[in-house]
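Working notes for the structure below.
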Amino acid sequence: MENQEKLSPVMQQYLDFKRENPEALLLFRLGDFYEVFFDDAIIVSRALDLVLTKRGNEIPMCGVPFHAADNYIARLVKQGFHVAIAEQMETPDEARARGAKQLRRDIVRVLTPGTIVDDHLLAGSQSNFLVAVIKSKFGWSLAGSELSTGDFFISDVRGSIIDTIMRIKPAEILADESVAEDVDIRAIKSMIPVTFVHERLFQKSNMDENLGRVFGVHQNFNRMNESQKLTVGLLAHYLIQTQRGSFVPFKSFRILGDGSRLQIDASTWKSLEIDESMSGKSGVTLLDVIDNTVTAAGARCLRSMLRELLGDVEIIADRQDRIENLVKKTGVLRDWRALLKKMPDIERALSRLLSERGSPRDLLSISHALQMMPGVRAMANELDEKTLDEVKSLALHEALSFELVRALEDDLPAFFREGGVIREGFHAGLDQLRDLAANSKKIIAGLQNEYVSKSGANLLKIKYNNLLGYFIEVPPKQAESMLGIESEFIHKQTLVGGVRFTTVRLAELDSEIRSAAEKAVAVEKEIVRELIEKIRGAAEDLRKIAEVLARIDVYAALAEVAIINNWVRPNVVNEKVFNIIGGRHPVVEHVLSNNHSQFVANDCVFENGKTVWLMTGPNMAGKSTYLRQNAIIVVLAHLGSFVPARSAQIGIVDQLFSRVGASDNLAQGQSTFMVEMIETANILNRATDRSFVILDEIGRGTSTWDGLSMAWAVLEYLNQLGCLTLFATHYHELVALRDTLSKLACMTIEIKEQDNEIIFMHRVISGVANRSYGIHVASMAGVPKPVILRAEAVLKQLESDQKVGKDLRTLTLFDAPSLVVDKKDVKNDAVLEKLRGLDLNSMTPMQALEFLDKLKKDVKMGD
């Protein structure tokens, strides 16, 4: 790239495009290949495992065949690369005709994680959001789009944007360069690709024109505040840069989270494993249990409903009515699920066709969907009244359906460029061109016989060469009769061995045959364009069909889940009440049922003004499961779903909070205790008396007394606040608060002791645990017997003395005769002194590992 003055015109063109798209890998069309040069070639060759060669012995290059490029591009995008496509916009003949030595090329598209619409690149059940964010005086403004469906939304977020982003889970985020070091953006960047854009690039005087151009003039941008409009401007700028004029017809924008909603922060969302396991890997989530949808659009719709949980009693009741109708009519439910299973993904097929990214199979999807609509309409009578009205309002577009059936071949190619999309008999002109291209020899032979008969020249032949094309040739002796004034034969050339003629008809046929294949492609392309335009005219109706059927799929899926798992319709009210009888954890129950085990149901009834439950009991008894199951029941109720219980009455909750475990934040150097306190602070600062809070083991990440004091103070604060709280702890000293906190009730997990062993009953009962049973649990976990015996001795000594602090300081772990070590005694007092002086809470994980490594070496030296 240093000697650009020596570069060929093609290489100079490549570099010009690369300068326009420095962040993208540039695939440059050269004939039948997409070629990549310079540094991009090195990257692409490694990413795709291609052979790296050189152009002119200097420029690194590699390439992929044009006909197979989609698969290679898909692999690059999946690896997180941006890919710019430089396409040939004319043929060599067209370039020569205009006197140019260089083919005209343009960047036709830039593929990024948030702008793909290609079916083979997308997960059908998941949305692929591109979200732009702008820092505002009150927090953030957010604008999101989904190119594969035309979805378009905006939102204002006060404070941190992380909670909203984690629920949306966009494929890509756009942000102004000025916020690159913002705390929220840095945290998000570790999980989601973030593309930064300089402010001056999207804050232009023609912003209104850009907004209308990308999102449509039907949008009422005046409804947006200044920050929202700026955020949409950033989104529009990026789409102009990447889509190069091929825009999806977007739906009218909606306000994300508009109306009354149940708010859930990112930490709670993750800890409840609503749509992703805590580890981020395999594991059953709530979504896995309830997603019984049979269509891709239904699966996306269910995820959308989960992202925006309802807070309005009437809207929740409306969803419940629709689900209950199907629960009561199992035959109708079965028939609808069977019908919906055959329904193609209308939304995505439509968006691809209208943005000129579609395929013949997208046309077929629209055709199949319209063919199914009479059956949908006929089956709607058994649905609830509101859903029935929605289905009856759907347009059938019978004429368009009939035309698509007539037009489309049964077996369609993958791409329009391959031809063979339009059925024989649909268009007479296309059929004739195809006949010419496929049967030219037969047609010429037939014409030759006709001319022999007309001229009487039995030796007449129709021949072909590249210079003249098709021509008639007869021996000189037979040519005289063809030279008359009235003759249709036109003299063309006289040679020694024969005389050559043509006719108007043959000349036309010659032209037609020569270009028949090209013309057939052009005619078919025009027919397809006309069909797509007719589909465009029906786009709003088709989208409505997709939306209504997706919602029916969700209702049917939730009805199926309710029937299979014996869930009930909760009575959701505007009062502050939580009355669950026989509640169960849907995910744990699902896993247990697969292993042929039974889940133990438990009640959760807040009554007599007791809004805070202090729960004690041993590990493994089921406290954490109990906490989570009630939080998940809150989620399901606000989704409008049935819930896993025998009966349920639930008051509307404004916010759901969960603090049920944390791990070290290695990236930010935060300890377990710091993460715990950050999450606890978030809860205490945001919760109201209409919130629902679950807290598990507050204070366990620090010293006993620090942890106990923090748990004590938090309990007192929650008691004063009055929100519904489930608080699990091993600090039995907190039980004393039941005498001073008016809203506190003590609950425990029932256990039984038998032959010095404990049996977990997994039943929640009123009362307190008389001890933690930690040593029993350790024994069950396989801790060596000598350690268990020693632990029991230490425990007895601690329990016999009220001055626990003093005993902890004076006891030596290894000085009791009851601890028998099989092979070695611990001799190195210096090592013990180092352990005693260790402050784990002030160490980072890396420092702890280094300390252990050094300690291990010291122990070996002491052996």
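The values are calculated or read from the model by the stated rules, or taken from the named source; none is laboratory data. This is a predicted model, so every value here is computed, not measured. Here Cβ is always computed from backbone atoms with ideal geometry, including for glycine, and neighbour counts include all displayed protein chains. For accessibility, only protein heavy atoms count, side chains too; no ligands or nucleic acids. Shrake-Rupley method; radii C 1.70, N 1.55, O 1.52, S 1.80 Å.
Using 7 Å Cα-to-Cβ label points, what is the residue 361/residue 208 separation (nm, one decimal)?
Result for the modelled spin labels: 4.4 nm.
Go through 135/251; 386/544; 576/610; 78/189; 137/229; 270/328 and tell me which ones have a Cα-Cα distance over 23 Å in this structure. It would help to have the intermediate numbers written out before the result.
Numbers: 135/251 25 Å; 386/544 15 Å; 576/610 12 Å; 78/189 17 Å; 137/229 14 Å; 270/328 34 Å.
Violating the 23 Å Cα-Cα cut-off are 135/251; 270/328.
Given R₀ = 25 Å, what would the calculated FRET efficiency be for residue 468 paired with residue 522, taking r from the Cβ atoms and rounding to 0.05? Don't skip to the answer; put the middle values down first.
Values: r = 25 Å, r/R0 = 1.01.
Calculated transfer efficiency: 0.50.
Quick check: the angle from helix 428-455's long axis to the longest principal axis of the chain, C-alpha only, nearest 10 degrees?
Between the helix axis and the principal axis of the chain, the angle is about 20 degrees.
What angle do you read, to the nearest 10 degrees and between 0 and 90, between the alpha-carbon axis of helix 785-799 and the longest principal axis of the chain?
It is inclined by approximately 50 degrees.
In the chain, if the dipole is taken from +1 on Lys/Arg beta carbons and -1 on Asp/Glu beta carbons about the Cα centre, which of 520, 84, 71 is farthest to the positive end?
520
Subtracting the Cα-Cα distance from 0.36 nm times the residue separation, let me have the gained length for residue 529 to residue 508 in nm, one decimal.
On the way: separation 21, 0.36 × 21 = 7.56 nm, distance 2.72 nm.
4.8 nm is the gain from fully extending residue 529 to residue 508.
Applying 1/(1 + (r/R0)^6) with R0 = 35 Å to the Cβ-Cβ distance of residue 42 and residue 93, what FRET efficiency is obtained, to the nearest 0.05?
On the way: r = 35 Å, r/R0 = 0.99.
FRET efficiency, residue 42 to residue 93: 0.50.
Hey, what angle do you get for helix 9-20 against the long axis of the chain, alpha-carbon based, 0 to 90 degrees rounded to 10?
Roughly 30 degrees, rounded to the nearest 10.
Identify the residues of segment 19-52 with backbone N under 15 Å of a label point that sits 7 angstrom from the Cα of residue 198 along the Cα-to-Cβ direction, or state none.
Under cut-off, by backbone N: 19-23.
Return, ordered by residue number, the residues of segment 508-537 whose backbone nitrogen is under 14 Å from a label point located 7 Å along Cα→Cβ of residue 426.
Answer for this model: 521-535.
Rounded if a/c is under 1.5, else prolate if a/b beats b/c, else oblate: with a ≥ b ≥ c from the C-alpha gyration tensor eigenvalues square-rooted, which is the chain? Don't jump to the answer; show the numbers that get you there.
Numbers: a/c = 2.81, a/b = 2.04, b/c = 1.38.
Taking the square roots of the gyration eigenvalues as a ≥ b ≥ c, the chain is prolate.
Local charge sum around residue 156 (other residues, Cβ-Cβ under 14 Å, Lys/Arg +1, Asp/Glu -1)?
Net charge around residue 156: +4.
Between the DSSP loop rule and a limit of at most 10 other Cβ atoms within 10 Å, which GluC sites (Glu not before Pro) in segment 113-201 are left? Intermediate values should be presented prior to the final figure.
Values: sites: 146, 172, 177, 181, 199; in loops: 181.
Passing both the DSSP loop test and the Cβ count: 181.
Could you give the dipole magnitude of the chain about its Cα centre, charging the beta-carbon of Lys and Arg +1 and that of Asp and Glu -1, in debye to the nearest 20? Please report the intermediate quantities before stating the final value.
Working: 104 positive and 116 negative charges, 148 e Å.
The calculated dipole for the chain is roughly 700 debye.
How high is the relative contact order of the chain? Use alpha-carbon pairs under 8 Å, at least six apart in sequence, and give a whole percent. Intermediate results must be reported in sequence, preceding the final value.
Details: 1324 pairs, mean separation 76.1, N = 863.
Result for the chain is 9 percent.
Among the GluC sites (Glu not before Pro) within segment 546-651, which fall in a DSSP loop and have no more than 11 other Cβ atoms within 10 Å of their own Cβ?
Values: sites: 547, 560, 575, 589, 607; in loops: 575, 607.
Filter output for segment 546-651: 575, 607.
Can you tell me how much longer the chain between residue 783 and residue 487 gets when fully stretched, taken as 0.36 nm per residue apart minus their C-alpha distance, in nm with one decimal? The partial results should precede the final answer.
Details: separation 296, 0.36 × 296 = 106.56 nm, distance 11.12 nm.
Fully extending the segment from residue 783 to residue 487 adds 95.4 nm.
Suppose the chain between residue 717 and residue 52 were pulled fully straight at 0.36 nm per residue; how much longer would it get relative to their current alpha carbon spacing?
Values: separation 665, 0.36 × 665 = 239.40 nm, distance 6.59 nm.
Result: 232.8 nm gained on full extension.
So for 403, 314, what's the accessible-area order with a 1.4 Å probe, most first? Please list the in-between numbers first.
Numbers: 403 40, 314 145 Å².
Final ranking, largest accessible area leading: 314, 403.
Residues of segment 677-694 with the amide nitrogen closer than 19 Å to a label point 7 Å from the Cα of residue 158, along Cα-to-Cβ, please.
681-692, by backbone N distance to the label point.
For segment 44-124, which trypsin sites (Lys or Arg not before Pro) pass both filters: DSSP loop (anything but H, G, I, E, B) and at most 10 other C-beta atoms within 10 Å?
Working: sites: 46, 54, 55, 75, 78, 96, 98, 101, 104, 105, 109; in loops: 98, 101, 104.
Within segment 44-124, the qualifying trypsin sites (Lys or Arg not before Pro) (loop, at most 10 other Cβ atoms within 10 Å) are 98, 101.
At a Förster radius of 35 Å, what calculated FRET efficiency corresponds to the Cβ-Cβ distance of residue 101 and residue 67, to the nearest 0.05?
Numbers: r = 27 Å, r/R0 = 0.76.
About 0.85, to the nearest 0.05.
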